[in-house]
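So the structure is just underneath, and the comments pick up after that.
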Amino acid sequence: MSKPKGVLSGYRVLDFGRYIAGPFCGALLADYGAEVIRVERVKGSEDRFTTPISPDGVGSMFLQMNRNKLGFTLNPMKPEGKEITSKLAETADVVIANLPENTLKAMSLDFDTLSKINPKIILTSNTAFGTSGPYSDRVGFDGVAQAMSGSMDMTGSPDQPSKNYAPYVDFCSASLAAFGTLMALMEREKTGKGQRVQTSLLTTALTMTNGLVIEQELLNINRIATHNRAQTSAPADTFRTKDGWILVQTVGQPLFERWVKLIGEPQWLEDEKFKDDISRGNNAEVISLRMAEWCLERTSKEAIEELNKERIPVGEVLKAKEIVNEPHILASNLFKEVAYPNLDKAAPIVTSPVELSENPGEIRTRAPLLGEHTDQILTELGYSEKEISEFKEKRIV
């Protein structure tokens, strides 16, 4: 039986993205069948070389962000480069660019310019602060948005605000951008017109902390960070065991009742300090201390088995070296081993995070080498071998 086509098969995407917020949006579209052309600087874009893992300097996250894509190099600032950009835009359904507004205009990637070339085109852009307001010209990364959203202030301790190691704002912005792109494509089916899709790191980050902001504005709580201990339910914290760490999260009365039964503190069900989630959150330190005693008497495996038996959410705190061999992750095939030139072993790349029963996403090809498909794409656009050679001599591609 032949494999079903990806739901986005037949769509062409030009990915001028950098780092995560643009490229991961492109990766999601590529996983489900879109032809995505990653457009880089002639010498290679910055994110190609971030956290290098190979002799030629390719970065670990670049392999993840650019699977299933074609590699193309271009200098869109030169006249010939602008002409190539224009020809590419004529053939494209979507342009992705997480670049400042003035940079988009300088590269002829602003929506006005693109829509004159191709009225059906969709421009999906992500900026740090949006395109309006006093900070619209500022640049920023994931951590800046974490800082300004209240997330850092509530992570770590009151004396040391902490950024999340994982760049969740970037990944969430990319996912929202992909969602917006699909909506724009659906609307184009009705109207025949393209449109602009915008996300910003700050808006994404504020979406994640909106509950905190609402509570503060209405109740003036003035919460302060408590490391990993939650503040609106308990026990919800990290706990040391005989041989490692686990994280436990209980929310809601049924879970608390099962937890009390497990640790042998039935009187707590009659204690007003623990009558509901918010009360338990207000007295979470006491609950965490009791849970810490219970955990220290057990190995991580023993604690997890007992908590699982009572259907209490728990997970082991894994180190990076342990992740790919964790039994559930291994059995669920959540990583695909993808070979890449000059690497001694294949890179474990997480599979497509959205499961479709009829048209599943898949990692079909590795991330491209620098400019790997440049000649192929230019030939498709109608350029001759001589013209392509001249472009290379002039450092246009």
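The values are calculated or read from the model by the stated rules, or taken from the named source; none is laboratory data. Since the structure is predicted, the reported quantities are computational estimates derived from the model, not experimental observations. Quick reminder, even Gly has a Cβ in these numbers, built from the backbone with ideal geometry, and neighbours come from all protein chains shown.
Key figures for this structure:
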item: Count - residues of region 209-234 that are free of Cβ contacts under 8 Å to residues at least 60 places away in the same chain, crowded, with 18+ Cβ neighbours inside 10 Å and among the aliphatic types (A, V, I, L, M); result: 2
item: Filter result (under 18 Å from Ser45 (Cβ atoms) and assigned to a loop (DSSP other than H, G, I, E, B)) within region 370-397; result: Leu370, Gly371, Glu372, His373, Arg395, Ile396, Val397
item: Out of Arg67, Arg48, Arg41, sole residue that is among the charged types (D, E, K, R) and closer than 25 Å to Glu355 by Cα; result: Arg67
item: Residue that is nearest to Gly26 (Cα to Cα), among those in region 185-234 that are among the basic types (Lys, Arg) and part of a helix (DSSP H, G or I); result: Arg188
item: Meets criteria (touching a Lys or Arg at 6+ places or on another chain (Cβ under 8 Å) and either modelled with pLDDT of 95 or more or farther than 30 Å from Tyr32 by Cα (or both)) for Leu212; result: yes
item: Residue count for region 291-306, restricted to those that are surrounded by fewer than 18 Cβ atoms within 10 Å (Cβ to Cβ) and not acidic (Asp, Glu); result: 4
item: Counted residues, region 20-46 - those being farther than 21 Å from Thr351 by Cβ, at pLDDT 95 or above, charged (D, E, K, R) and not in a loop (DSSP other than H, G, I, E, B); result: 1
item: Members of region 323-338 found to be among the charged types (D, E, K, R) and over 19 Å from Gln64 (Cα atoms), listed by number; result: Glu326
item: Qualifying residue in region 30-52 (condition: more than 18 Å from Gly180 (Cα to Cα), in contact (Cβ under 8 Å) with a residue 12 or more places away in the chain, hydroxyl-bearing (Ser, Thr, Tyr) and in the same structural domain as Leu176 (by TED's automatic domain parsing)); result: yes
item: Conditions (1) in contact with a His (Cβ under 9 Å, 6 or more places away or on another chain); (2) outside the structural domain of Leu343 (by TED's automatic domain parsing); (3) of a type outside the set (S, T, N, Q); number of the one not met by Phe72; result: (2)
item: Number of positions in region 45-67 that are surrounded by 19 or more Cβ atoms within 10 Å (Cβ to Cβ) and polar (S, T, N, Q); result: 3
item: Test for Asn325: is it on the phi > 0 side of the Ramachandran plot, out of contact with any Cys (no Cβ under 9 Å at 6 or more places or on another chain) and in a loop (DSSP other than H, G, I, E, B); result: no
item: Selection count where residues are within 25 Å of the chain's Cα centre (by Cα), surrounded by 15 or more Cβ atoms within 10 Å (Cβ to Cβ) and of a type outside the set (Val, Ile, Thr), scope region 237-266; result: 2
item: Arg12 vs. criteria surrounded by fewer than 24 Cβ atoms within 10 Å (Cβ to Cβ), within 15 Å of the chain's Cα centre (by Cα) and basic (Lys, Arg); result: no
item: Residue list for region 139-163, restricted to those being in contact (Cβ under 8 Å) with a residue 24 or more places away in the chain and surrounded by fewer than 14 Cβ atoms within 10 Å (Cβ to Cβ); result: Val139, Ser157, Pro158
item: Residue, surrounded by the most Cβ atoms within 10 Å (Cβ to Cβ), within region 71-122, restricted to residues that are among the charged types (D, E, K, R) and touching a residue at least 24 places away in the same chain (Cβ under 8 Å); result: Asp93
